[in-house]
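These notes are about the structure you will find just below.
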Amino acid sequence: MGVGPAAVAGAVQDTSFAHLLNPNRKWYNNKRIIILNAWIVLLLITSSTNGYDGSMMNGLQSLQQWQDDFNHPSKGRLGLLNAIQNVGALAGYPFAPYLSDGIGRRKTVFLGATIMLVATALQTASQSVGMFIGARFLIGFGLTFAANAAPMLVTELAYPEYRAPLTSLYNSLWYSGSIVAAWATYGTFRINNTWAWRLPSLLQGIPAALQFSLVLFCPESPRWLVSRGRDAEALRALAYYHADGDEQDPLIQYEFREIKTAIEFDRNVAANVGWKSLIATRGNLKRMRIIVALAFFSQWSGNGLISYYLNEVFTQIGIADSGTQLLINGVLQVWNLFWAVLAAFMVDRLGRRFLFLSSAALMTLFYTAQAVCFAEYSKHGVAAAGHAVVGFVFLFFAAYDIAFTPLIVSYTVEILPFSLRAKGFNVFSFVISVALIFNQYVNPIALDALGWKYYLVYVCWLAVEFVFLWFFLVETKNRTLEETAAIFDGEDALRKIAHGGTVQETPDIYEKADGKA
């Protein structure tokens, strides 16, 4: 039986963990939470590798040195150069969830980082188009492992009060890599040799290099430890970072019991084992419907046209100067980061549904405006219309960034139960890669053939996205990770898991300590 928002709220109302949080234990004044968040930051920058790549390829296309060295690639060859990283990602998907569940989240991130470092060295040293393509394939292959494990480790490690914003920051920091790449290519386009493109290629390895320390110092996921029967280690890790080492702290007892109950429920009741279980129950079908849709929407909302072929769009609206193109690209990435990070910190206050629906509605509006201005420039050569396209590009991305940047990853990992999290998130990433490959091949060809009319295709599709989100997206704000995942399994499952974490005595102990009881 399905469960609505009101029923969900009622089911968990009596077992909320909020009153167990120590109000004096904050991210800025607690040493162990500060250390934990430092490790989480290293995990968050995994996403910046993807952002760096998209922006770097945009920038390289505006570099005459890169164009000359690679024989001015266009259409199919240009599509391959952009898409090959996602082809590499596809090759890694069959293995990624087994590594994340088998050797652990932490070691899987380390393995992916190692492969990416080797690939970055090859890309920087490329002497031919074939070598450049091969290196980009390996970058995508390694990134699959790191990107499968990193967001799960973030959401499974984070202090409960900060889980949603920190996990939402994961994909938001896509733009941190994008900013570095945009300004790196802007800064190197005046170099009159191959280092104009080799230096940006070399910088792509920075996130992977920073993650080498993870295997030595970063804690493993307590959920993964419990799933492997290592309960004592899991309890110790939770207590160390969430309660200054106090294993009897009410919050720690609540978290630990809820984790054990949820994992036991998945194994023995829901039978969430293997790939088939992703579609074996009504709750899992609901999850996968949303996850697959969000993966497609994140790439087919018109953003891919601008993210990978911005110079082509600018050329068609009369902005052909390389310096101007690179400058606008750099400013756009800073703009994107601002809106994405702002939204990441608002996810529990405003809610997932509000942000997604607002995003889809505003994207439809601003993409329509882009199409109108693009058409006006194409038909009549009105310079103001071309400049207006740039303005609406910025507004469109602000709309995209308030939901589809911060939430697609965090929402996906939080609605999946632990036993399906690695496999379900792998499906999400696979669908994104398929959508990206299609976009990267089709977009330059369609834009060249249809011009401004190609924008109308995305306008119609954005309207479809809004309707889907209105009917199917479920609100999940202000819940623990286990309770959020259980929403889709019905009221009984939600109550069982929520009450599994309930401690025997849960008074407002911190209020009493402050004399407020």
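The values are calculated or read from the model by the stated rules, or taken from the named source; none is laboratory data. Because the structure is a prediction, the values reported are computed rather than measured. All Cβ positions, even for glycine, are placed from backbone atoms using ideal geometry, and neighbour counts span all protein chains on display. Just so you know, the surface numbers come from the protein's heavy atoms only, side chains and all, with ligands and any DNA or RNA stripped out. Shrake-Rupley method; radii C 1.70, N 1.55, O 1.52, S 1.80 Å.
Listed values, structure above:
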quantity	calculated
Listing of helices (runs of 4 or more DSSP H) fully contained in region 408-494 that carry 2 or more residues being farther than 18 Å from ARG267 by Cα and touching a residue at least 60 places away in the same chain (Cβ under 8 Å)	418-450, 454-472
Qualifying residue in region 45-53 (condition: outside any helix (DSSP H, G or I) and under 18 Å from the mean Cα position of the chain (by Cα))	yes
Conditions (1) over 20 Å from VAL427 (Cα atoms); (2) touching a Leu at 6+ places or on another chain (Cβ under 8 Å); (3) of a type in the set (A, V, I, L, M, F, W, C); (4) surrounded by fewer than 21 Cβ atoms within 10 Å (Cβ to Cβ): number failed by MET288	(1)
Region 288-340, residues that are free of Cβ contacts under 8 Å to residues at least 40 places away in the same chain and not in a helix (DSSP H, G or I)	ALA320, ASP321
Qualifying residue in region 352-368 (condition: modelled with pLDDT under 90, assigned to a helix (DSSP H, G or I) and surrounded by fewer than 23 Cβ atoms within 10 Å (Cβ to Cβ))	no
Failed condition for ALA360, given (1) without any contact (Cβ under 8 Å) to a residue 24 or more places away in the chain; (2) in contact with an Asp or Glu (Cβ under 9 Å, 6 or more places away or on another chain); (3) small (Gly, Ala, Ser)	(1)
Tally of residues being in contact (Cβ under 8 Å) with a residue 40 or more places away in the chain, in a helix (DSSP H, G or I), open to solvent by 30 Å² or more (accessible area, probe 1.4 Å) and closer than 16 Å to SER128 by Cβ across region 66-92	3
Residue within region 394-405 that is assigned to a loop (DSSP other than H, G, I, E, B), farther than 19 Å from VAL457 by Cα and open to solvent by 10 Å² or more (accessible area, probe 1.4 Å) present	yes
Residue tally, condition at pLDDT below 90 and not in a loop (DSSP other than H, G, I, E, B), over region 255-283	16
Test: residue in region 224-237 that is out of contact with any Ser or Thr (no Cβ under 9 Å at 6 or more places or on another chain), touching a residue at least 40 places away in the same chain (Cβ under 8 Å) and among the aromatic types (Phe, Trp, Tyr)	no
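Yes/no matrix, rows are residues, columns are (1) at pLDDT 90 or above; (2) in a helix (DSSP H, G or I); (3) over 24 Å from LEU337 (Cβ atoms):
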residue: LEU138; (1), (2), (3): yes, yes, yes
residue: LEU153; (1), (2), (3): yes, yes, no
residue: TYR170; (1), (2), (3): yes, yes, no
residue: SER178; (1), (2), (3): no, yes, no
residue: TYR186; (1), (2), (3): no, yes, no
residue: ARG190; (1), (2), (3): no, no, yes
residue: LEU210; (1), (2), (3): no, yes, no
residue: ARG236; (1), (2), (3): yes, yes, yes
